[in-house]
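Asks: Sharing a structure below in structure tokens format, with a few things to ask.
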Amino acid sequence: MSEQTSVETGSGSGVKADGRVPAIELRNITKTFGEVIANQDISLNVYRGEILSVLGENGSGKTTLMNMISGIYYPDSGEILIDGEEVLIRSPKDAFRYKIGMIHQHFKLIDVFTATENIVLGLNDGRYDLPAYEVRVKEICDRYGFVLDPKKKVYDMSVSEKQTVEIIKVLFRGADILILDEPTAVLTPQETDRLFNVLRRMREDGKAIIIITHKLHEVLSLSDRVSVLCKGRYIGTVITAETNEQKLTEMMVGEKVDLNIHRSDPPKDSVPRLVVNNLVCKNEDGIEVLKNISFTAMSGEILGIAGIAGSGQRELLESIAGLEKLESGEITYNNPATGAAEDLRNKSPRQIRELGVRLSFVPEDRLGMGLVGNMDIIDNMMLRSYRGGRGLFLNRTDPASLAEKIINDLGVVTPGAKTPVRRLSGGNVQKVLVGREIASAPTVLMVAYPVRGLDINSSFTIYNLLNEQKEKGVSVIFVGEDLDVLIELCDRILVLSSGQISGIVDPRVQPEGITLKEQIGLLMTKKVSGTEETPAGSEESSSAEGKEAAND
């Protein structure tokens, strides 16, 4: 801690030298759940016209702390002060009375309602004038730079539009203290930039903003100060301009952490494990989402897939896993156990999994699509193996051992393996989801967004696990959002643009006159003509639109 600059560790009044009183101040807040201490003697504050980032590993107590400010939980001890006055916040209704609004990681919207109907739901102002409400929603959008159609149904919205509805919902109710829990976890870089521009306008308007995030580059680019938690305890607060990623990581973890991804060379005896040839896939509307996709995934390598969200990443992996109906094309799996070339198009998803081709797709809704929230960790392990049971009774011994192994290897913060998954933090849910597939000893492992929402230490644990699979001869296909990680981790990077391959890049080779990251960014927005694969770094790809995306 001696190397940190301007670290605040005390629990003083929070009044600044210029006489400003914090918009909200926490003093010695403690919260326990049975024997688990979620927060212990936490003291921090945030001022109006300021963005405070709250940083910490998964399960460090960040969301629990914010839930006490927003009235979902009530602290066992400690004080909460608003503008210097102690208050009692026993419910979200109390929080709104003090102009506090929280935007949660998992949205709470009704799909068949419009944006405006969701925003005003629950208001009790004695009237219901939907056209007037829509005008007010439009005014809020214009004031802060939101892009939203007040009449649009939620089921037609993108993730960023749903998040916009949640933010406007609290602004509509007059909130001037905003808490955002992992707001960029499922956003594209472009959507993240738009959100940050909105938050900066709110800061200029005098709002006090608390943001929980694991992405250190976002912390450094957006916040004014950073408060760090570790295992439920308050470590300190630093001025953002006086710190860096390494120092923040050391505060979070409590020790020095190597922030370099160590990439080994693929083995010389690497062989084609998965051969994809001219895949064509259409969506429900008959529009081609995959257009003549062809590539080979080798054993003992990590093949990265880059692309703007919605470029066909999900459809590609689900096609290989047997979850998407294909119009045409071939998927050949060279089975190392038998030496046979297996046609995966003729096999069911279950048969494909049994061959050793595994898909771990971390969805936007982890609990809705990946795991069953009301089931404990052991039962979620059984979801992959229950068909193999015999007789009336299920064998829980092997799933229990697997659950304990994942908890220990990935550092899942939980009271035990019998804890319902819905009670875990978002990052710990994700560790269970990814760990289940990695533990299945696959020969082809497809992972999509495996570190989405994870803290930096947990992210590097996943990267190391993927490298271990690679060194065992597994063919790893990795879909990621962070271009820096793709460049450091992968042996080759396949770039998708609008459902087509716009290039395949060797991350070990630096192109002339452009950075590797810019080269991939250009390919992500490149318009591919016909079905030919355009070489990476060609002059044709250097459009103004592509350069803008690369800078994003």
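The values are calculated or read from the model by the stated rules, or taken from the named source; none is laboratory data. Remember, predicted model here, so these are calculated numbers, not experimental data. Cβ placement follows ideal geometry from the backbone for every residue including glycine, while neighbour counts extend to all protein chains displayed.
Asks: From the list Ser319, Ser227, pick out the single residue that is of a type in the set (Ser, Thr, Tyr) and either part of a strand (DSSP E or B) or not assigned by TED's automatic domain parsing to the domain that holds Leu445 (or both).
Replies: Ser227
Asks: Considering region 419-441 alone, what residues qualify as being surrounded by fewer than 22 Cβ atoms within 10 Å (Cβ to Cβ) and not small (Gly, Ala, Ser)?
Replies: Thr419, Pro420, Arg422, Arg423, Glu437
Asks: How many residues does region 231-258 hold that are among the hydrophobic types (A, V, I, L, M, F, W, C), more than 30 Å from Val36 (Cα to Cα) and in contact (Cβ under 8 Å) with a residue 24 or more places away in the chain?
Replies: Residues meeting the conditions: 1.
Asks: Would you check if Asn278 is surrounded by fewer than 19 Cβ atoms within 10 Å (Cβ to Cβ), under 30 Å from Ala337 (Cβ atoms) and outside the structural domain of Ser43 (by TED's automatic domain parsing)?
Replies: yes
Asks: Please work out which one of (1) in contact with a Phe, Trp or Tyr (Cβ under 8 Å, 6 or more places away or on another chain); (2) closer than 22 Å to His214 by Cα; (3) not assigned by TED's automatic domain parsing to the domain that holds Glu25 is the condition Ser43 fails and give its number.
Replies: The one condition Ser43 does not meet is (3).
Asks: Based on what the data block shows, is Arg452 touching a residue at least 24 places away in the same chain (Cβ under 8 Å), closer than 28 Å to Gly59 by Cβ, basic (Lys, Arg) and not in a helix (DSSP H, G or I)?
Replies: Considered against the rule, which asks whether it is touching a residue at least 24 places away in the same chain (Cβ under 8 Å), closer than 28 Å to Gly59 by Cβ, basic (Lys, Arg) and not in a helix (DSSP H, G or I), Arg452 comes out as yes.
Asks: Out of the residues in region 102-159 that are of a type in the set (S, T, N, Q) and part of a loop (DSSP other than H, G, I, E, B), which is farthest from the chain's Cα centre (by Cα)?
Replies: Ranking the qualifying residues of region 102-159, first place goes to Asn124.
Asks: Which condition number does Asp193 fail, the rest of (1) outside the structural domain of Asn45 (by TED's automatic domain parsing); (2) acidic (Asp, Glu); (3) over 22 Å from the mean Cα position of the chain (by Cα) being met?
Replies: (3)
Matching residues to (1) surrounded by fewer than 19 Cβ atoms within 10 Å (Cβ to Cβ); (2) among the small types (Gly, Ala, Ser); (3) farther than 23 Å from His217 by Cβ; (4) in contact (Cβ under 8 Å) with a residue 12 or more places away in the chain:
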| position | (1), (2), (3), (4) |
| --- | --- |
| Ala38 | no, yes, yes, yes |
| Ser60 | no, yes, no, yes |
| Met68 | no, no, yes, yes |
| Pro75 | no, no, yes, yes |
